[in-house]
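Q: Quick one: the structure is below, and I'll ask about it shortly.
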Amino acid sequence: SLFITNFPLSWDGNGYPLSYTSYNVNLVNLTKDIINVLENKFNGKVGRCLYIILPKGKSVGQHVDHGYYLSNVHRLHIPIITNNNVLFHLGTETTNLKEGKCYEINNKILHSVENMTGVRVAIQMGLLELPKAPVYHTEYI
């Protein structure tokens, strides 16, 4: 599923902050090629894909992603619109994720984002690896 999401307020890391505002066929078409490349690279399928809008002066508080889905996906971030004053904190590291690059984030450790100037738009997706081919015969003795 692909949705446009907004963080209308800063988020403290508790609860589920995303409000799904729309499903956009045009964005699905624009994002298909990116999804296809990543699904081939990871031999998997994208389960959830979000366009996240983080307005100027807003933040996503420190949190760890929980639940079966988020614990088992490759968590990918692709900044579409950003600036040098958007800081991504992951564990003890702080970095500025660059536009158009794809980053895999370890969402099982504390992470947060702060946007000091301008708007930030990023694609965030979870990609599940496909199961390995089953073993049809194993001889144990």
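Q: How much net charge surrounds His111 when only other residues with a Cβ under 10 Å from its Cβ are counted (Lys, Arg +1; Asp, Glu -1)?
A: 0
Q: If r is the Cβ-Cβ distance from Ile80 to Leu130 and R0 is 30 Å, what FRET efficiency results, to the nearest 0.05? Don't skip to the end; give the middle numbers.
A: On the way: r = 27 Å, r/R0 = 0.90.
Efficiency computed from Cβ-Cβ geometry: 0.65.
Q: Here's another thing I want to ask about it. Taking 0.36 nm per residue of sequence separation and subtracting the Cα-Cα distance, how much length would be gained by fully extending the chain between Val28 and Asn43, in nm to one decimal?
A: 3.4 nm
Q: Roll a 1.4 Å probe over the protein chains and send me the accessible area per residue for region 40-141 in Å².
A: Ligands and nucleic acids excluded, the result is 60 Å² per residue.
Q: Would you mind computing, in nm to one decimal, how far apart the modelled labels at Glu93 and Lys56 are, each placed 7 Å from Cα along Cα→Cβ?
A: 3.0
Q: Of the heavy-atom accessible surface of region 38-141 (probe 1.4 angstrom), what whole percent is carbon and sulfur?
A: Values: 3430 of 6140 Å².
Answer for region 38-141: carbon and sulfur cover 56 percent of the accessible area.
Q: Mind checking the log10 I(q)/I(0) for region 43-141 at q = 0.10 Å⁻¹? Debye, one equal scatterer per Cα, no solvent, two decimals.
A: Normalising to I(0) and taking log10 leaves -0.34.
Q: Additional query: Among residues other than Val64 whose Cβ falls under 13 Å from its Cβ, what is the net charge (Lys/Arg +1, Asp/Glu -1)?
A: Working: positive: Arg75, Lys108; negative: Asp65.
For residues surrounding Val64, the net value is +1.
Q: In the neighborhood of Gly126, defined by Cβ-to-Cβ distances under 13 Å, what is the net charge if each Lys or Arg adds +1 and each Asp or Glu adds -1?
A: 0
The values are calculated or read from the model by the stated rules, or taken from the named source; none is laboratory data. Note that the structure is a prediction, hence the values are computed from the model and not measured. Every residue, glycine among them, receives a Cβ derived from its backbone with ideal geometry; neighbour counts consider all protein chains shown. To get the accessible areas, we keep the full protein, side chains included, count just its heavy atoms, and leave off ligands, DNA and RNA. Shrake-Rupley method; radii C 1.70, N 1.55, O 1.52, S 1.80 Å.
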